[in-house]
Structure formats: C-alpha cells, structure tokens
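Q: One structure is given below, represented as structure tokens, and several questions about it will come after.
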Amino acid sequence: MKHKIFTAVLLIAIGTTFSILRPSIFYNAQNDASKNQLIASHIYDSISKCVGVPFTITRTMATDRFLYKALKDEEKYDEGEIAELMTEYLSSIRNKFGYIATFVISDKTKRYYTPRGISKIVDPKEAPYDIWYKLFVDSGKDLALDTDRDQVNDYRWTVFINARITDSDGKLLGVCGIGVFMDELQDLIFRYETEYGLKINLVDHEGLVQVDTDSTNIENAFISEAIGDKAGPDSFVYSEKRIGGFRFTRYMPDLEWYLVIQGYPLQSESIKKEILVALIYFFLFALLLITICKRKKKAPHNFIKNSLPEDFLTGLPNRNYLRDSYGELGIFNTTRYKSLIMFDIDRFKVINDTRGEGDAIILAVVERAKKTIGDEGILFRWSGDEFVAFFEADVQEAEKRFNEFCKSVSESLDVTVSVGIVTVDLSESIKTNYHRAVQMCYVVKENGGNGVKVRV
C-alpha cells in the first residue's frame, strides 16, 4: 500500500513539474532555432572562406602564363630542367600561401610535379589510385573538388581543388591544384561543434559524407535525408527532426557540396538548469522506473582505445602488438608472409548507429576471416572495423580465399566488406605495405564495395 502511494505521489509530482517547465522549454527552443539560423550563416561563411582561398589560388594557377608555357614547351627541356622550374614555381606558392599539397600534372608526360620535384608518373591503368585524374579530365569540368588520401603526404585525408590547364585552342595541357588537409577543416568545424553543441558535415549530391570531424565517417557514412531538403545556394532550409531537434541544409555552389548542420535546441544553456533540477528531483523515480521496466537497450559498438597488445572485443592482436613485435619502425623481420591484406566493413558507422549490432557484426566477420586465413597467417584488429592480415600464401591464393570470404559475409550477415591485397615488399615498412593495400581497398569502395582488389 505504501509503495502504491509513494508511486502515485511521484507520478503526480512529475506531471505538475513538467507542466510548469514545458512552456519555458518550447519558448527557448523557438529562440534557439532563430539563434542557430545566425550561427549556421556564420559557419557557412567561415567554411566558404577556408576553402575559397585555395579555390582562388587554383584558378590563378590554371591561367598562369608560366605554367601554360612550361607545359606547352615541356619537351624542349630535359627532365631535370623542367623539374627544377616546376619545383621553384610550386615552392613559391607553398611558401607564400602555406599550402603544402600543391601540384601540377602534365597531360603529355603524366609527370606529377610537387614542391619536392617529380613525385611519380600518373597512370590509372597501373595505379588504380590515380583513377581520379582520368575521372576529372573526362568530366569536362574546369574546376572540381575531390576528397581523397594524398599519396605524396603520408596518405592524409585531403580536400583537393583541381583545375584544368588548357591552351588557346582549348586543348588540355594538364591539371593543377591545391590540397587542403582534412585536419585543418576538421579543426575549424570541431571548434564550432564544441562551442555550439552542433554536428556539422559537408556531403555530396548523394548524401555521402565528404568532411566530418570523425575521419571514419569520411566517404563511408551518408546523410541522405539532407538531400531531400532540396536546399539551394541562397539560404538555409530548416527541418525539424525528432522532438526539439533540427537540421539546416544549404548548397555550396563552389564546392558542389551541401553544408549540413544538425543540433538539439533542448540542450541549450538557457534551459539546462531547469532540466537538471528536474532530473535531480526525479532521481528516485527514475530508479524505480528502471527497476520496474527492466528494459535493456542493446548498445552500439563503442570504439575503445586500448593500450594493451590485445583487442578487448575480438581477442585479436592489435597495433600495439605489431609495434612490440616488429619495432617502432615496423620492418618485416621474416620472409614467412607473402601477402598483406587489409579489409573493412562497408558503411559500418551507419550500420552500427542504425542497427545497434556493431559488436555482433564485428565478431561474426572476424570469425569468418579467421576461417579464411586458418593457420597460414595472423589477423590484426587495426582500428574500429578495419583489419589487417599477414598471409603466407601468394596474392593469387589470397584473392581466391578472400573472394569466398566476401561472399560468405554478404550472404550470412547482411553486410559487405571491401578487401585490398598486395604482395609484401620486404624492402618497405609495414606501414608502406599497409597503405598500398589501403589503395586497393578504396578502389573497391569507389566501385560500390563488396569485393577484392589485388596489386602484385
């Protein structure tokens, strides 16, 4: 009887208190929506400025008489002379504006000029990572953005502004560009996210995330609902999401991307104190409610940083184990392994957030990967949903086995994986071998995922 009376009193109290708080909450929510309209405009201007400067520099480079003449008369110079001229030119731009990722590509020789000299010869057929060059040239665009890993600068995520260089007849001479390192944009966005309690993204026309403070989301997560807002370049489109939540979307024509700003006004400072008082007041009631309901929500997978040599969830060796076994420089100390395999789960972030089955999916994928490798190698959990394997068989056998692995995962788990395989080069570090495998994996992802790509 006493228990029933106590419960009834608490229920009456909660109804009374929230009937008082509700007008204040909704009033503040409306004020916050107006305030966030101004904040969104400020963020839009800041991002436009951050990317606008390299846009202007790239446009200027594309019409520079020096580049026009150097590429037009490239065959008149020997390789050393033209490399020195280009190096001096690109170094002056780097030193003046501070952009490290500055480049020129000759369409005639396919040389990739940087401030440090000729980095490589661009060849999409031999190096699938270079497919971006062909895609840009074939697009017919004079200027375009591309989010990619920069091979020249430690494979850092970079937003490239690429521009076409043509002669007076419109014939293609080459491509030039500036790269803005993703961490620079991430730092800018992170400051706004932290200050205003927002989530900020740049997405392409399909809703695929191009810029995020969480690098695992880049070209891996989607915000498809933002595309449905049909936002234009002149103003933000406002959409409500859930109770008190909101989304601002606006098209950025220079970038050809959408700026998406999401937030929850009910978390604003103006009402946090009121909510905190209510939470404290009903602490006992919450305990009682939890006891009665005993509802257990399946938690999504949480990426925990581990200082031990073994991964908490899977029991696999991790990168700490790799460092302990192969030293700080990460050099192969055995000829046992012939192939290095890197794979990850396609769109895992989205799957984890929506289905809440992250741990179970990872464990199931690991179980199948172990069966694929058997006793002929070692499997590491590299980070999050990304795994690396050292395999004793050659790449042909590895390709066969991991094609079967992809098929098994797809058919039994309702998820897919992308796999990159390379022949182990003992003259290079493990990190370099790994990045070569990453290139192959991203070729698979660019083609929709769920497959294997091999580089001998």
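Q: Within the range 93-119, take every residue that is open to solvent by less than 20 Å² (accessible area, probe 1.4 Å) and not in a strand (DSSP E or B) and give me the one that is nearest to Val53 (Cα to Cα).
A: Ile93
Conditions tested, residue by residue: (1) among the hydrophobic types (A, V, I, L, M, F, W, C); (2) at pLDDT 90 or above.
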| residue | (1), (2) |
| --- | --- |
| Phe160 | yes, yes |
| Lys171 | no, yes |
| His205 | no, no |
| Thr216 | no, no |
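Q: Tell me which strands (runs of 3 or more DSSP E) are completely within the range 366-427 and hold 2 or more residues being open to solvent by 10 Å² or more (accessible area, probe 1.4 Å), or say none if there are none.
A: By residue number, 377-383.
Q: If you don't mind, there's one more thing I want to ask. Does the range 374-419 hold any residues that are of a type in the set (Lys, Arg), touching a residue at least 12 places away in the same chain (Cβ under 8 Å) and more than 18 Å from Asn318 (Cα to Cα), and which are they?
A: Within the range 374-419, the subset of a type in the set (Lys, Arg) is 381, 400-401, 407.
From the residues that got through so far, the ones that are touching a residue at least 12 places away in the same chain (Cβ under 8 Å) too are 381, 401.
If the condition is that a residue be of a type in the set (Lys, Arg), touching a residue at least 12 places away in the same chain (Cβ under 8 Å) and more than 18 Å from Asn318 (Cα to Cα), then Arg401 is the only one that fits.
Q: Also, I was wondering about something else. Would you please list the contacts, defined by Cβ atoms under 7 Å and residues six or more apart or on different chains, that run from a residue in the range 88-109 that is in contact (Cβ under 8 Å) with a residue 60 or more places away in the chain and of a type in the set (D, E, K, R) to a residue that is open to solvent by 10 Å² or more (accessible area, probe 1.4 Å) and not in a helix (DSSP H, G or I)?
A: Once the first residue is in contact (Cβ under 8 Å) with a residue 60 or more places away in the chain and of a type in the set (D, E, K, R) and sits in the range 88-109, its partners that are open to solvent by 10 Å² or more (accessible area, probe 1.4 Å) and not in a helix (DSSP H, G or I) give Asp107/Leu172; Asp107/Leu173.
Q: Among the strands (runs of 3 or more DSSP E) confined wholly to the range 169-246, which include 2 or more residues that are without any contact (Cβ under 8 Å) to a residue 60 or more places away in the chain and surrounded by fewer than 18 Cβ atoms within 10 Å (Cβ to Cβ)?
A: Values: elements: 172-181, 198-203, 209-211, 237-241.
By residue number, 237-241.
Q: Exactly one condition in (1) more than 29 Å from Asp425 (Cβ to Cβ); (2) open to solvent by less than 60 Å² (accessible area, probe 1.4 Å); (3) of a type in the set (A, V, I, L, M, F, W, C); (4) at pLDDT 80 or above is not met by Leu288; state its number.
A: (4)
Q: Looking only at residues in the range 67-109 that are under 33 Å from the mean Cα position of the chain (by Cα) and of a type in the set (Val, Ile, Thr), which one is modelled with the lowest pLDDT?
A: Of everything passing the filter in the range 67-109, Ile100 is modelled with the lowest pLDDT.
Q: Can you name every residue in the range 154-168 that is touching a strand residue (DSSP E or B) at 6+ places or on another chain (Cβ under 8 Å), open to solvent by 20 Å² or more (accessible area, probe 1.4 Å) and of a type outside the set (A, V, I, L, M, F, W, C)?
A: Scanning the range 154-168 gives Tyr155, Arg156, Arg164, Thr166.
Q: From the list Asp346, Asp324, pick out the single residue that is among the acidic types (Asp, Glu) and open to solvent by less than 30 Å² (accessible area, probe 1.4 Å). Break it down into steps so the answer makes sense when it comes.
A: Working: Asp324 fails: open to solvent by less than 30 Å² (accessible area, probe 1.4 Å).
Going through Asp346, Asp324 in turn, the sole match is Asp346.
The values are calculated or read from the model by the stated rules, or taken from the named source; none is laboratory data. Fair warning: this is a prediction, and the values are worked out from it, not measured in the lab. Here Cβ is always computed from backbone atoms with ideal geometry, including for glycine, and neighbour counts include all displayed protein chains. These accessible areas exclude ligands, DNA and RNA; they are computed on the full protein's heavy atoms, side chains included. Shrake-Rupley method; radii C 1.70, N 1.55, O 1.52, S 1.80 Å.
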